[in-house]
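Accompanying notes for the structure given below.
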Amino acid sequence: MYQGFYNLTSGMLTQQRRLNVISNNMVNIQTAGYKKDTMTATTFQEEMLIRTGKYNKDNPTDLATTSKIVAADQTYTNYEQGAFEQTDDIYDFAIGGNGWFSIQTEGGVRYTRDGSFSVDQEGYLELNGLGRVLGADDQPIRIPTENFYVDKAGNIIVDSTAAAEKTGKADGTEQNNAANGTENQVTSYGQIKLVDFQDLTQLHKEDNGLYSTNQAATVVNGADGTQLMWTMLEKANVDMVDEMSIMISSQRALQGAAQMLKMYDSVMAKASSDVGRL
């Protein structure tokens, strides 16, 4: 008798959760390295409808399968690579291919695709005050100068005799100082560590674009086509048009369920008050 309340209310709650996921995707469309989420729904419990005779209950006939409740099933993260944006900021990095940056936070090592780094007051490379970027030696990377360049393997290199000429060069090759004929003195401040995981579905999404996992990380600097893109950022893999289309569809479903619930409530009120008096 009251199955409609279950159907409509559960549908409204599910659509509201879907709208929350969509809103979060749209808010983070300008967040570097953000990976969009998609929510899927499922039926809570299916029941078989069976027809039996009014007097003789033998030989029941199966009619159909129904479910009174629709519920949110799971939220999946799409780890597809986003487009690259040239920023020309010397502290911006993007990963081409598979890989994650390692960040030393107060809660332990976390992983991210957001390469919008900066340096703290002590000169260490960090991510938005969340933690310091780890190098290949699992130690924070300190860069005491702005005259450096980064090759595709993530090596941070300073040319002490021709730093100004080398800034912006990202192929990692050495050259002689053409100005005075002296050999360049090349200093390395470390290598940005890039890691990957066997099963990305085991990554746990946290705040500020960070991820945690109990899996063992595998270093992938320069492996399997992975390379570090300097002075670039990876944009969020969110398609605004798709998100808007899904949002409009969910809003209409939510509004339709709310209107039907009002009508259903009115019918039940009539049935219990007016019809009940007959």
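Quick notes
- Only a single item in (1) under 29 Å from Q15 (Cα atoms); (2) of a type in the set (S, T, Y); (3) in contact (Cβ under 8 Å) with a residue 40 or more places away in the chain is not met by T226, and it is number (1).
- Selection status of Y55, modelled with pLDDT of 95 or more, more than 19 Å from L134 (Cβ to Cβ) and not assigned by TED's automatic domain parsing to the domain that holds D199: no
- Among the residues making up the range 72-86, those that are touching a Lys or Arg at 6+ places or on another chain (Cβ under 7 Å) and part of a loop (DSSP other than H, G, I, E, B) are N78, Y79, G82, A83.
- Residues satisfying the stated conditions in the range 187-219, i.e. more than 22 Å from N128 (Cβ to Cβ) and hydrophobic (A, V, I, L, M, F, W, C): F197, L200, A216, V219
- The residue pairs whose first member lies in the range 247-262 and is in the same structural domain as V70 (by TED's automatic domain parsing), whose second member is polar (S, T, N, Q) and modelled with pLDDT of 90 or more, and whose beta carbons are closer than 8 Å, counting only pairs six or more residues apart or on different chains, are M247/S23; S250/Q15; Q251/Q15; A253/Q15; L254/Q15; L254/Q16; A257/Q15.
- Residue in the range 185-195 that is under 18 Å from the mean Cα position of the chain (by Cα) and either assigned to a strand (DSSP E or B) or not hydroxyl-bearing (S, T, Y) (or both) present: yes
- The condition of being under 27 Å from D37 (Cβ atoms) and either in the same structural domain as Q227 (by TED's automatic domain parsing) or assigned to a strand (DSSP E or B) (or both) holds for only one of N147, N98, that being N98.
- Selection within the range 220-239 - of a type in the set (A, V, I, L, M), within 18 Å of G135 (Cα to Cα) and buried (at least 16 other Cβ atoms within 10 Å of the Cβ): V220, L228, M229
The values are calculated or read from the model by the stated rules, or taken from the named source; none is laboratory data. Owing to the predicted nature of the structure, the values given are computational and were not obtained by experimental measurement. Note that each Cβ is placed from the backbone with ideal geometry, even for glycine, and that neighbours are counted across all protein chains shown.
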